[in-house]
Amino acid sequence: MSAASQYETHETDVLIIGAGGAGLRAAIEALAQGARVAVVCKSLLGKAHTVMAEGGLAAAMCNVDKSDGWQPHFRDTYNGGKRLNNWRMAQLHAQEAPDRVRELEQWGALFDRTADGNILQRAFGGHTYKRLCHVGDRTGLEMIRTLQDRGVEMGFDVFMECTVTRLLKDGDRVAGAFAYWRSSGNFVVFKAKAVVIATGGIGKSWKITSNSWECTGDGMALAYEAGAELLDMEFVQFHPTGMVWPPGVMGILVTEAVRGEGGILRNSKGERFMEKYDPKRLELSTRDVVARSIYTEVKEGRGSPHGGAFLDISHKPAEYVKRKLPSMYHQFKELADVDITKGPMEVGPTCHYVMGGIRVDAETGQASVPGLFAAGEAAGGMHGANRLGGNSLSDLLVFGRRAGLAAAQAAKKQAAPSIDGGQTDDAAREALAPFEHSGGENPYAIHHDLQELMQNLVGIFRTDADLRKALVELDTLKQRARNMSATGSRVFNPGWHLCSDVRSMLTLSEACTHAALARKESRGAHSRLDFPKTEEEWGKKNLMIARKGDAMTLTEVPRPPLPAELEKILAEGS
Ligand SMILES: Cc1cc2nc3c(=O)[nH]c(=O)nc-3n(C[C@H](O)[C@H](O)[C@H](O)COP(=O)(O)OP(=O)(O)OC[C@H]3O[C@@H](n4cnc5c(N)ncnc54)[C@H](O)[C@@H]3O)c2cc1C
């Protein structure tokens, strides 16, 4: 039976899965190339996780610090990533980010301004110069609003509240996707000449996280299942400052812009403890360092009452704080009954971002499977072992554009795909399986257990014993997940939706744990208590995860040498 005959079916040139910054920027570029574009997203258009981004977008515009340029931005990014980044991505990112910001401005984004009318830039951890273009602490909202308006005006088709559960293939080539409408539970088939994955991160696998409900790693799991490779999955960033109190809001982000605007971290003794861990950069050290410092202060008994540290911006004028950090002011006032213009916030590390992701070609975002592209947080390589703040929003624009361009060009060379009905029937059977397992496992219980396990065993500090234990426990969770059960109907059924999210989270958690066990050193966001040093040998390889039959395999991939031009830029900064 043909795919089209049984399910609602849509055909397009380029299918983009995800409507965050990366997906929208890819869609705009594919449209500009004359492609028909469909964007599918599991939340509402305009509600993608990118909307939550606060502090800003890093680009060497040189509006505030004239000494900046793409070279220092490259150097900061590469050093911040502990030199494990895909150097070509880090170079393209630094070179192209300013143009992507100017373009955003031309499309209507209203950034904060310098006195002479240029885009204002603020300081952020690990950036040598003031580099973050921002709109108060609501930069993501402005970015999504602008991109969305532009895309709608250009004419993409949007399929929102629609979750993709499987990629479909025509021979070896990715040629579409299978999805369900969240409202009705009915199935949809998308046929496309090229597919871009822009589904964001994996943070919902950890208990304390800044990530939104969408961040279950679906796109990476879909790509992995379709035969694509995942890169450097051990590198998961714990942002140093999430809320720690009250319990219901634990993990919600406290933007780095608080430190960028002069916020000071202190322990229960009133000591400015960053003087000890990074006396030069203090609070504006890189996130991996600040997160470990807070964690260490708490472990050694100098934490705040609710297990964090104090972050204080109240030495700045109240009006300034309210103008520069309006969301933080309201967040603490409403959620914790704390006035941050009068006293400190309590903060602690929260799972925030994954540096690893789908392995892609730097120029095009092409994954290792034909027809498949990836951009944004779902793609790996750009940030190496640790991402600098502000470098994600710029990454979305630079590589979203590149993936959209390459996908549209690839689509031009393709005939309309043909997808056999066996694939769609399999995907439907898999999606409906939880209704067959009456009295089986509760997906909420499995998700809860997964979050506890990843938080406790695959967190900021890792050991061989913990990681091995995690793999055993993940195996048990995978067995339990085979018997996940959904009750009720397919209409608006969040328990059923979670069953598919849990499958993705289990795959990505396993990939992360395998890679974390294999990397026997500490580097960037990956800290091994049993291998505390950064080892030169490990700096020569990335770790790649791929699927062989039903097994997850891990391969060490030698890193290509850095060109002399980039070596010189790095040497100039040391
Ligand atoms: C609170 C917070 C503040 C941040 N602040 C900053 C900042 O100031 N600067 C910065 O550079 N970075 C910041 N970040 C990081 C940055 O926001 C993210 O890395 C980035 O927005 C990810 O964008 P994306 O386009 O890759 O994916 P997302 O914005 O996560 O979008 C993913 C899209 O994929 C869709 N999707 C997912 N799964 C499926 C599926 N199965 N089927 C269909 N659709 C699917 C979702 O619905 C969504 O539309 C912040 C992160 C957080 C949590």
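Below, the figures for the structure above:
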quantity: Restricting region 131-187 to residues that are part of a strand (DSSP E or B) and β-branched (Val, Ile, Thr), the residue that is farthest from the ligand (Cβ to nearest atom); calculated: Val174
quantity: Filter result (within 12 Å of the ligand (Cβ to nearest atom) and surrounded by fewer than 24 Cβ atoms within 10 Å (Cβ to Cβ)) within region 250-261; calculated: Gly251, Ile252, Leu253
quantity: Some residue of region 104-112 being away from the ligand (no atom under 14 Å from the Cβ), within 27 Å of Met544 (Cβ to Cβ) and assigned to a helix (DSSP H, G or I); calculated: no
quantity: Test: Ala481 is open to solvent by 10 Å² or more (accessible area, probe 1.4 Å) and of a type outside the set (Lys, Arg); calculated: yes
quantity: Residue tally, condition open to solvent by less than 10 Å² (accessible area, probe 1.4 Å), within 12 Å of the ligand (Cβ to nearest atom) and not in a loop (DSSP other than H, G, I, E, B), over region 194-208; calculated: 4
quantity: Number of the exception - Phe310 against (1) open to solvent by 30 Å² or more (accessible area, probe 1.4 Å); (2) part of a helix (DSSP H, G or I); calculated: (2)
quantity: Near pairs, Cβ below 6 angstrom, 6+ apart or cross-chain, from region 10-26 (surrounded by fewer than 24 Cβ atoms within 10 Å (Cβ to Cβ)) to any residue that is part of a helix (DSSP H, G or I); calculated: Asp13/Ala411
quantity: Count of residues meeting criterion [within 6 Å of the ligand (Cβ to nearest atom) and either on the phi > 0 side of the Ramachandran plot or open to solvent by 40 Å² or more (accessible area, probe 1.4 Å) (or both)] in region 47-59; calculated: 3
quantity: Output for region 490-524, where each listed residue is over 16 Å from Leu230 (Cβ atoms) and among the hydrophobic types (A, V, I, L, M, F, W, C); calculated: Val491, Phe492, Trp496, Leu498, Cys499, Val502
quantity: Condition broken by Gly539, with the remaining ones in (1) open to solvent by 10 Å² or more (accessible area, probe 1.4 Å); (2) in contact with a Gly (Cβ under 9 Å, 6 or more places away or on another chain) satisfied; calculated: (2)
quantity: Which listed residue, of Met220, Met233, Met243, is more than 8 Å from the ligand (Cβ to nearest atom) and in contact with a His (Cβ under 9 Å, 6 or more places away or on another chain); calculated: Met233
quantity: Residues that are among the hydroxyl-bearing types (Ser, Thr, Tyr) and more than 26 Å from Ser327 (Cβ to Cβ), drawn from region 47-76; calculated: Ser67
quantity: Answer from Leu44, Leu31 - the residue that is among the hydrophobic types (A, V, I, L, M, F, W, C), open to solvent by 10 Å² or more (accessible area, probe 1.4 Å), within 14 Å of the ligand (Cβ to nearest atom) and modelled with pLDDT of 95 or more; calculated: Leu44
quantity: Residue in region 120-128 that is closer than 30 Å to Glu536 by Cα and of a type in the set (A, V, I, L, M) present; calculated: no
quantity: Subset of region 453-488 [among the β-branched types (Val, Ile, Thr) and assigned to a loop (DSSP other than H, G, I, E, B)]; calculated: Val458, Ile460, Thr463, Thr487
quantity: Any hit, region 390-406, residues being within 16 Å of the ligand (Cβ to nearest atom) and assigned to a loop (DSSP other than H, G, I, E, B); calculated: yes
quantity: Single residue of Gln95, Gln91, Gln71 found to be part of a helix (DSSP H, G or I) and over 24 Å from the mean Cα position of the chain (by Cα); calculated: Gln71
quantity: Flag if His315 is open to solvent by 50 Å² or more (accessible area, probe 1.4 Å) and touching a Phe, Trp or Tyr at 6+ places or on another chain (Cβ under 7 Å); calculated: no
quantity: Residues within region 60-83 that are more than 15 Å from the ligand (Cβ to nearest atom) and touching an Asp or Glu at 6+ places or on another chain (Cβ under 7 Å), tallied; calculated: 1
quantity: Of all residues making up region 556-574, the number that are assigned to a strand (DSSP E or B) and either touching a Ser or Thr at 6+ places or on another chain (Cβ under 9 Å) or open to solvent by 60 Å² or more (accessible area, probe 1.4 Å) (or both); calculated: 2
quantity: The listed residue being closer than 17 Å to Leu397 by Cβ and among the polar types (S, T, N, Q), out of Thr77, Thr12; calculated: Thr77
quantity: Test result for Thr128, farther than 30 Å from Thr114 by Cα, part of a loop (DSSP other than H, G, I, E, B) and at pLDDT 95 or above; calculated: no
quantity: Residue match in region 346-354 (condition: open to solvent by less than 10 Å² (accessible area, probe 1.4 Å), farther than 25 Å from Arg266 by Cα, touching a helix residue (DSSP H, G or I) at 6+ places or on another chain (Cβ under 7 Å) and β-branched (Val, Ile, Thr)); calculated: yes
quantity: Counted residues, region 412-466 - those being open to solvent by less than 70 Å² (accessible area, probe 1.4 Å) and of a type in the set (Phe, Trp, Tyr); calculated: 2
quantity: Set Lys269, Lys280, Lys191: member being more than 15 Å from the ligand (Cβ to nearest atom), within 26 Å of Thr364 (Cα to Cα), of a type outside the set (A, V, I, L, M) and open to solvent by 10 Å² or more (accessible area, probe 1.4 Å); calculated: Lys191
quantity: Meets criteria (charged (D, E, K, R), in contact with a helix residue (DSSP H, G or I) (Cβ under 8 Å, 6 or more places away or on another chain) and either open to solvent by 10 Å² or more (accessible area, probe 1.4 Å) or part of a strand (DSSP E or B) (or both)) for Lys322; calculated: yes
quantity: Scope region 118-143; condition open to solvent by 40 Å² or more (accessible area, probe 1.4 Å) and not aliphatic (A, V, I, L, M); matching residues; calculated: Asn118, Thr128, Tyr129, Lys130, Arg138
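Yes/no matrix, rows are residues, columns are (1) closer than 30 Å to Arg173 by Cβ; (2) at pLDDT 95 or above; (3) in contact with a Gly (Cβ under 7 Å, 6 or more places away or on another chain); (4) acidic (Asp, Glu):
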site	(1), (2), (3), (4)
Lys299	no, no, no, no
Arg302	no, yes, no, no
Gly307	no, no, yes, no
Met355	yes, yes, yes, no
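The values are calculated or read from the model by the stated rules, or taken from the named source; none is laboratory data. Quick caveat: nothing in here was measured; it's all calculated off a predicted structure. Positions of Cβ are generated from backbone atoms using ideal geometry, with glycine treated the same way; all protein chains shown enter the neighbour counts. SASA here: full protein model, heavy atoms, side chains in, ligands and nucleic acids out. Shrake-Rupley method; radii C 1.70, N 1.55, O 1.52, S 1.80 Å.
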